[in-house]
Amino acid sequence: MVLSKAVSESDMSVHSTFASRYVRSSLPRYRMPENSIPKEAAYQIINDELMLDGNPRLNLASFVTTWMEPECDKLIMAAINKNYVDMDEYPVTTELQNRCVNMIAHLFNAPLGESETAVGVGTVGSSEAIMLAGLAFKRRWQNKRKAESKPFDKPNIVTGANVQVCWEKFARYFEVELREVKLRDGYYVMDPEKAVEMVDENTICVAAILGSTLNGEFEDVKLLNDLLEVKNAETGWGTPIHVDAASGGFIAPFLYPELEWDFRLPWVKSINVSGHKYGLVYAGIGWCIWRSKEDLPEDLIFHINYLGADQPTFTLNFSKGSSQVIAQYYQLIRHGFEGYRNIMENCHENAMVLKEGLQRTGRFDIVSKDDGVPLVAFSLKDRSRHDEFEISDMLRRFGWIVPAYTMPPDAQHVTVLRVVIREEFSRTLAERLVLDIEKVMYQLDALPSRLPPPLPPAPLLARKKSELETQRSVTEAWKKFVLAKKTNGVC
C-alpha cells in the first residue's frame, strides 16, 4: 500500500521556489517581516533584485577593484568570519597587516633603518586614512602651539579644489578651516605656488593629490616641497605635507620610479593609499603610512587589554573584517614589483588605446594627461545640440557606466566624461567602448536637441554674453535638468 503525503507550502518552496507563496507576494520594504521564510526563497528574492544593479566590471566610474583571482577569493571567504581587531586571537592576521605596512612604507621610500619597523595602519579605505593623518597633523600643531603659549583654536588646511569629498568631511567633522586653491581653464589640479601663498602659522599641513579624481593628473609634490622649504626657513612654521595617494600610490612607484613625490621629500610626513584601488583588492582596505614615530603623536594611540593582551589601536572604528588585509598581502607577494609594474603598464597602454580611439572620432577634446592615473577624461568639442550628460545617459543602454560631471570652482563651466582603466578592463573592451560611443554619437545626431532653446535677443543696450558665459549658462541648465532625474556618482 502506497502512503501519500500532502505537500506543505514550506516544502513546496524547497522544490519550486518560484511557485511558492514567498515569491508571489511582496515583502515589506522598510519593516522586518512578521514571519520567517525558507532560505531558498530569501536567496532568490534578493538575488533577483540585485540583477537590476549595474555590472561592476562595466562600471567605469569607479577606481575600485572589481576582479581578483579565484585563489584570493578563496582566502577572502575563509577569513570572512575573522574580526581583525582581535589581534590576540588572530596573531597571524596581525602579522600580515604589519608586513603590508612595511612593504608599502619601503615602496614609498620611508627612511627606515635596517631593523626599524615602519609606522602605519590598515584602514577601511583612504577616507579613514585621511581622517587619521589629519588628526595627527592637528594634534602635532596644537601641541606645538601650546608649548609656545600661542592660540591653537583656529587650525586650517590647504588643498586644491579638486580634492575628494573626504577632505571636506575631515575639515567639517574636526573643525579645521579648509582653504582651497581654485582651479582654472586647462589647469585642473592644485597650483603649488598659490597653495603656499595660503599657508600661515595656523596651517596644520598642505595636502597634495597624487592622482586627481577628476582627470588622474599628479600634482607637483616636489615643487610644493621646495616652496615650503623656503617658506619654513623664513618663518619657522615647519608646515608639513600630506600626500593623498589614494589612486596614484600603487602607480607611481611602478610607472614613474624617478618621480619624487614620497618620503624622499623631507616635508612629506604622511601618505595614504587605497589598497582597494590600484592596490588590486576589493573594496574595504586603505593604508596610512607615517614618515617616523615622531609624526604620529603618542596621545592619539589607545591601548586596550580586554581582548586578551595589550593592543595599541589608532582607528576611527573598532571591529572590521580581516579578509581585505589578507587579500592585500596576497596581491603583494603574488605579483611582486614585477607583476605590479606589468599590470600598471597594461592599464596605461589600454588608456592610450581608448584615448586614440576617441581622438579618431574627431568629436572630443582630451582633458586628462598621458602621465598619471590610467584614465581618460574627455569633453565634447561641439556642445551646441547635445552634451556630455546625454552621452553618459545613452551609454547605459549598452551596459556602460560612464560618469559625466562638472569641474570644481573656478572651472565649473567645463563638463567632462571619465573612463577609469582598471586591471580587468581589457584591450577588447577599450575598443568596444569606442565603437559604442560612436554609435551613441550617431544616434544623438539623429535626435532633436534637448538643450534649452536660445534666449530671445537682448535689448541693444544690454551687454552681449561672451561665448564662455553662454557655455556656462547652458551647462548649468542641463545640469539642473539631469540632476532632477538622477545623480551620477564620481568615485
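Inside region 185-198, can you point out the residues that are in a loop (DSSP other than H, G, I, E, B), open to solvent by 10 Å² or more (accessible area, probe 1.4 Å) and either of a type in the set (Val, Ile, Thr) or in contact (Cβ under 8 Å) with a residue 40 or more places away in the chain (or both)?
Hits for region 185-198 are Asp185, Tyr188.
Listed here are the residues, each with its yes/no results for (1) under 21 Å from Ser212 (Cβ atoms); (2) touching a Gly at 6+ places or on another chain (Cβ under 9 Å); (3) modelled with pLDDT of 95 or more.
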| position | (1), (2), (3) |
| --- | --- |
| Gly339 | no, no, yes |
| Met344 | yes, no, yes |
| Ser368 | yes, yes, yes |
| Glu388 | yes, no, yes |
| Met394 | no, no, yes |
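Name the single residue, out of those in region 40-72 being more than 26 Å from the chain's Cα centre (by Cα) and of a type outside the set (A, V, I, L, M), that is most open to solvent (accessible area, probe 1.4 Å).
Taking the candidates together, the pick is Tyr43.
Say whether the condition of being of a type in the set (A, V, I, L, M, F, W, C), open to solvent by 40 Å² or more (accessible area, probe 1.4 Å) and not in a helix (DSSP H, G or I) is met by at least one residue in region 329-344.
Residues of region 329-344 of a type in the set (A, V, I, L, M, F, W, C): 332-333, 337, 343-344.
Checking which are open to solvent by 40 Å² or more (accessible area, probe 1.4 Å) leaves us with 333, 337.
Adding the requirement that they be not in a helix (DSSP H, G or I) leaves none.
There is no residue in region 329-344 that is of a type in the set (A, V, I, L, M, F, W, C), open to solvent by 40 Å² or more (accessible area, probe 1.4 Å) and not in a helix (DSSP H, G or I).
Restricting to region 246-261, and then to whatever is within 19 Å of the chain's Cα centre (by Cα) and touching a residue at least 60 places away in the same chain (Cβ under 8 Å), can you tell me which residue is surrounded by the most Cβ atoms within 10 Å (Cβ to Cβ)?
Looking at residues that are within 19 Å of the chain's Cα centre (by Cα) and touching a residue at least 60 places away in the same chain (Cβ under 8 Å), I get Ala246.
So the check is Cβ under 6 Å with 6+ separation or different chains; which pairs have a first residue in region 85-107 that's under 22 Å from Phe254 (Cα atoms) and a second one that's assigned to a loop (DSSP other than H, G, I, E, B) and among the hydrophobic types (A, V, I, L, M, F, W, C)?
Taking only residues 6 or more apart or on different chains, the pairs are Val101/Ala118; Asn102/Ala118; Ala105/Ala118.
Output yes when any residue across region 310-321 is touching an Asp or Glu at 6+ places or on another chain (Cβ under 9 Å) and open to solvent by less than 20 Å² (accessible area, probe 1.4 Å), and no when none is.
Yes, region 310-321 contains at least one residue that is touching an Asp or Glu at 6+ places or on another chain (Cβ under 9 Å) and open to solvent by less than 20 Å² (accessible area, probe 1.4 Å).
Conditions: (1) at pLDDT 65 or above; (2) in contact with a Ser or Thr (Cβ under 9 Å, 6 or more places away or on another chain); (3) exposed (fewer than 13 other Cβ atoms within 10 Å of the Cβ); (4) not small (Gly, Ala, Ser). Arg427 meets all but one. Number of the miss?
(2)
Check region 42-50 and report whether any residue there is of a type in the set (A, V, I, L, M), modelled with pLDDT of 90 or more and closer than 30 Å to Arg432 by Cβ.
yes
Restricting the first residue to region 351-362 and requiring it to be of a type outside the set (A, V, I, L, M), which pairs with a second residue that is open to solvent by 30 Å² or more (accessible area, probe 1.4 Å) meet a Cβ separation below 8 Å and a spacing of at least six or different chains?
Note: pairs meeting the criteria are Lys355/Ile366; Lys355/Asp370; Gly357/Glu431; Gln359/Ile366; Thr361/Glu438; Gly362/Lys381.
Looking at (1) touching a strand residue (DSSP E or B) at 6+ places or on another chain (Cβ under 8 Å); (2) closer than 28 Å to Glu71 by Cα, which is the only condition His335 fails?
(1)
State yes or no: is Lys369 open to solvent by 10 Å² or more (accessible area, probe 1.4 Å), more than 27 Å from Met68 (Cα to Cα), touching a residue at least 24 places away in the same chain (Cβ under 8 Å) and out of contact with any helix residue (DSSP H, G or I) (no Cβ under 8 Å at 6 or more places or on another chain)?
Answer is yes for this residue.
The values are calculated or read from the model by the stated rules, or taken from the named source; none is laboratory data. From a predicted model like this one, the values you see are computed outputs, not experimental measurements. Note that each Cβ is placed from the backbone with ideal geometry, even for glycine, and that neighbours are counted across all protein chains shown. Just the protein is used for accessible areas: all its heavy atoms, side chains included, with ligands, DNA and RNA removed. Shrake-Rupley method; radii C 1.70, N 1.55, O 1.52, S 1.80 Å.
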